[in-house]
1. Using only Cα atoms, tell me the angle between helix 329-396 and the longest principal axis of the chain; keep it within 0 to 90° and round to the nearest 10.
2. Mind sorting Leu357, Leu432, Leu256, Leu176 by how few other Cβ atoms lie within 10 Å of their own Cβ, fewest first?
3. Rg and Dmax of the range 358-446 over Cα atoms: what are they, in angstrom?
4. Which residue fluctuates the most in the chain, going by a Gaussian network model with Cα springs under 10 Å, if the choices are Gly390, Gly307, Gly247?
5. Once you've got the Cα coordinates, tell me which of Lys53/Lys123; Lys252/Lys433; Lys34/Lys234 are over 18 Å apart.
6. With θ set to phi - 60° and the Karplus curve 6.51 cos²θ - 1.76 cosθ + 1.60, what are the ³J(HN,Hα) couplings of the range 103-108 in order, to the nearest whole Hz, using x for Gly and Pro?
7. Taking the Cα centre of each part, how many Å lie between the range 348-411 and the range 56-91?
8. Sorting Ile73, Ile399 on the 10 Å Cβ count, fewest up front, what's the list?
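What follows is calculated from the coordinates using simple rules that are stated; it is not laboratory data. All values derive from a computational prediction rather than experimental measurement. Counting neighbours? That spans all protein chains shown, and the Cβs are built from the backbone with ideal geometry, glycine included.
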Amino acid sequence: MNSKIFQLMGIGLVLIQGSSLESMAQTGVRPLNKQEAVALALNQNFGIQLAQKRAELASVNTGWGAAGALPQIGVSTTASSTVSDQRENPTSFIQERLESDALNASAQLNWTLFDGMRMFANKQALDVLAEQAEGQVNLVVEQTVVAVLMAYDDVLIQLAVEEVLRNSLAVSADRLSRLETAQEWGGARAFDRLQIQNALFTDSLALIQQGLSREVAMHNFSRLLGGSEWSDWKLTSPLDSPVENGGWDAVKSAVLSDATAIRNAMLSRELADVGIAQAESGLFPMVQLSSSFGDQRSTFAAGDLSGEGRTQNLAANLSLNFNVFNGGATRRAIQQAKIQMEVADLDFADQQREVLLLARTATDRMAAQASVHQLALRMAQNAAELLEMGRDRLEFGAINSLDFRELQVGLQRAEMEVLRTQQAWSAAQLDLKRLQGFWNGAIELE
């Protein structure tokens with residue numbers, strides 16, 4: 001159908017009938033599917049970049065040197081030159097110009113040979129801390145992916161709702177066109193004309209407000225992609241219907257093995273276990289090796305007299321330190337570490353229960369939304385059929401304009417309910433995938 005321009009009560013309304021979402025795309029709009037949107041967000045998200053830098057810092061600190069297992073070697077060199085002119089000093093025993101030069105070089109080595117296995121516990125703790133930092137990266141990645149996909153779907157929903165309102169507006173415009181034709185032949189009533197005009201105004205207002213909702217959704221989506229300014233995207237991925245999750249047993253197994261929150265709690269539990277080994281190292285003696293080497297060369301000149309000298313020193317020490325009593329500090333540290341381990345065990349159990357509860361809730365939501373969505377589809381089909389039947393009955397006078405408008409609004413509400421239930425269904429599946437660790441380590445950033 002051709003475009004038709006209506007001038008009603010000073011309001012200019014341009015109706016593009018039969019238009020699709022594709023024909024509404026503007027020239028120069030960038031196409032974007034879901035995979036591209038996720039990749040763009042992950043590479044530009046500041047939260048992920050900060051988490052990656054923290055993980056990089058933790059990874060740098062995992063060497064044996066940071067754990068205290070490697071020796072410490074120091075080298076120092078000192079050069080000095082001294083001139084003392086005593087030729088005009090009657091109180092000096094040697095009344096000559098005294099010159100001396102010295103060069104000192106030394107090296108020191110300190111190495112802890114045994115500290116009750118503390119160095120190995122320190123190394124393990126540093127490795128766990130690095131894994132925890134990586135776990136935080138995975139957590140931020142999961143949250144970003146879910147947020148982007150939900151925002152992507154929200155834009156699609158807003159566009160679909162806009163299309164529903166546009167179709168409803170097209171029905172009202174078609175009725176007004178028929179009424180104007182009938183009015184020319186004297187067959188239209190003023191009541192019907194005013195009722196159709198109000199319906200047209202109502203649909204126009206709803207379409208304008210929906211356009212604002214679409215722009216807000218696009219703004220939010222663009223911010224998640226890391227854009228500083230709003231960009232107009234042409235979203236090419238469809239609003240997919242979720243798929244079956246394979247049953248609760250499969251979901252439970254995936255949650256317990258791959259959920260990021262549970263894996264992070266396991267790392268905290270492992271770190272607490274390492275803390276016990278660190279505290280128990282105080283019960284053992286400490287063996288340390290230290291050695292030093294020094295080489296000093298010097299020259300001396302006093303008038304016609306001059307000479308050179310050299311001194312070398314080499315020393316090595318092996319020490320054994322054992323803390324016999326320190327006021328019970330070691331025992332208290334061990335007791336605190338064990339209590340901390342019990343706290344970590346409780347936190348791990350609580351985290352398991354919490355994540356399983358959330359997963360069960362998401363599974364139930366998916367099942368419920370699947371049933372609701374099917375009912376909404378049936379209702380929309382019935383509403384569409386009723387509207388088509390209403391067209392014929394309106395022509396024959398079996399129903400009036402108010403009855404037809406009610407059928408029109410009923411179809412509009414039913415189609416919006418289909419979109420709303422599909423969005424809720426999809427959101428439940430995204431939440432369930434996150435709890436199952438679906439994106440845990442599966443996405444690599446450039």
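1. Once rounded, the angle reads 20 degrees.
2. Details: Leu357 10, Leu432 23, Leu256 15, Leu176 19.
Placing the least packed residue first, the sequence is Leu357, Leu256, Leu176, Leu432.
3. Considering the range 358-446 through its Cα atoms, Rg and Dmax are 19.9, 66 Å.
4. Top of the fluctuation ranking is Gly307.
5. On the way: Lys53/Lys123 21 Å; Lys252/Lys433 12 Å; Lys34/Lys234 11 Å.
Pairs exceeding the cut-off: Lys53/Lys123.
6. 9, 10, 10, 9, 9, 10
7. Each part reduced to its Cα centre gives a spacing of 79 Å.
8. Sorted ascending by nearby Cβ count, the order is Ile73, Ile399.
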